[in-house]
Amino acid sequence: MTITYRFSTPIYPSNILYVNIIPNYTCINNCVFCSRPRTKKDFHKPNIYETKAGTSLYLKKSPTLKEIITEINYNIDKNDKELAIIGLGEPLIHLPKVIQILKYVKKNYKIKTRIDTNGLVDCIYNNSAKKLKNARLDEIRISLNATNEKDYLKLCRPKYKDAWPKLLKFIKDCKNEEINTFVSFVVDYKNKKMKIDTSNKEDFVRFAKSLGIKKEKVILRKYLKPI
Ligand code: SF4
């Protein structure tokens, strides 16, 4: 079971230790452009993320805190600059465990902490941004992907009805808590049948700015077809 990993491509800095805690590639969204395996029959087929990571991230169950800490202690390198809690799926479904990991890491290592998330954690828990700040999270990258609720529902197909307002509030909360906050959009995804076209990059940047996110903190991720 792979709990910690590094990217095996030269494009990614090698001084980031990634931590995977997500069982069964679980997410509370079902984005049209997502390349994670979504059904059991896809669990062991190749996908873009695991190919880049050079390992399978399939976990039958979320590892215990003890298992995670043991893996971190064993694999962290003195030259590591960052510990990033990211897997295939949504890590903040496990917010209480994430908080404990962050606290442990900050107490024991001088390292930046980061989480990549769909930003819907407040659909499950309360005051998540404050809890993350108190656990000393340094940076968060939140998938926003749309400039209005209608497009968001079409693109990301969230499981929770109030996903869009909760997402926007979470972005603002993270900023207000002074966590270094980035938002991301998948660009150049086109689906004629669903009338989806995510190529208007200027609109994305404008919308992010309206939420208080500076242009340099907007990540535009080019859509890559599944392999
Ligand atoms: S939020 Fe991320 S992991 Fe979840 S379905 Fe969307 S792209 Fe996939």
Problem set entry | Nearest-0.05 FRET efficiency for LEU168 and ASP188, computed from C-beta distance (R0 22 Å) | 0.40
Problem set entry | 14 Å Cα-Cα reach of LYS110 towards aspartates and glutamates, excluding residues that sit fewer than 8 places from it in its own chain | ASP77, ASP80, GLU82, ASP138
Exercise. Over the chain, with a single point scatterer placed on each C-alpha, what log10 of the ratio I(q)/I(0) does the Debye formula yield at q = 0.12, 0.15, 0.16 1/Å?
Worked result: -0.65, -1.05, -1.21
Exercise. Where does each of LEU120, LEU224 land when they are ranked from fewest to most other beta-carbon atoms within 10 angstrom?
Worked result: LEU224, LEU120
Exercise. Of the peptides 209-216, 59-66, how do they stack up when ordered by the mean number of other Cβ atoms within 10 Å, highest first?
Worked result: 59-66, 209-216
Seminar exercise, completed: Rounded to one decimal in nm, the spacing of the 7 Å Cα→Cβ label points at LYS103 and TYR223 is 4.2 nm
Problem set entry | Fewest-first sequence of SER128, SER199 by Cβ atoms within 10 Å of each Cβ | SER199, SER128
Problem set entry | Neighbour-count order for ILE124, ILE101, fewest beta carbons within 10 angstrom listed first | ILE124, ILE101
Exercise. Out of the DSSP beta bridges found with both residues in the chain, what percent are antiparallel (nearest 5)?
Worked result: 15 percent
Exercise. Of LYS154/LYS190; LYS103/LYS133; LYS60/LYS169, which ones are farther than 22 Å apart at the Cα?
Worked result: LYS60/LYS169
Problem set entry | Rounded to the nearest 20 debye, dipole of the chain from Cβ charges on Lys, Arg, Asp, Glu | 340 debye
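Bear in mind that the values in this text are calculations on the coordinates, not laboratory data. The model shown is predicted, which means the values in this text are computed figures rather than measured ones. Every residue, glycine among them, receives a Cβ derived from its backbone with ideal geometry; neighbour counts consider all protein chains shown.
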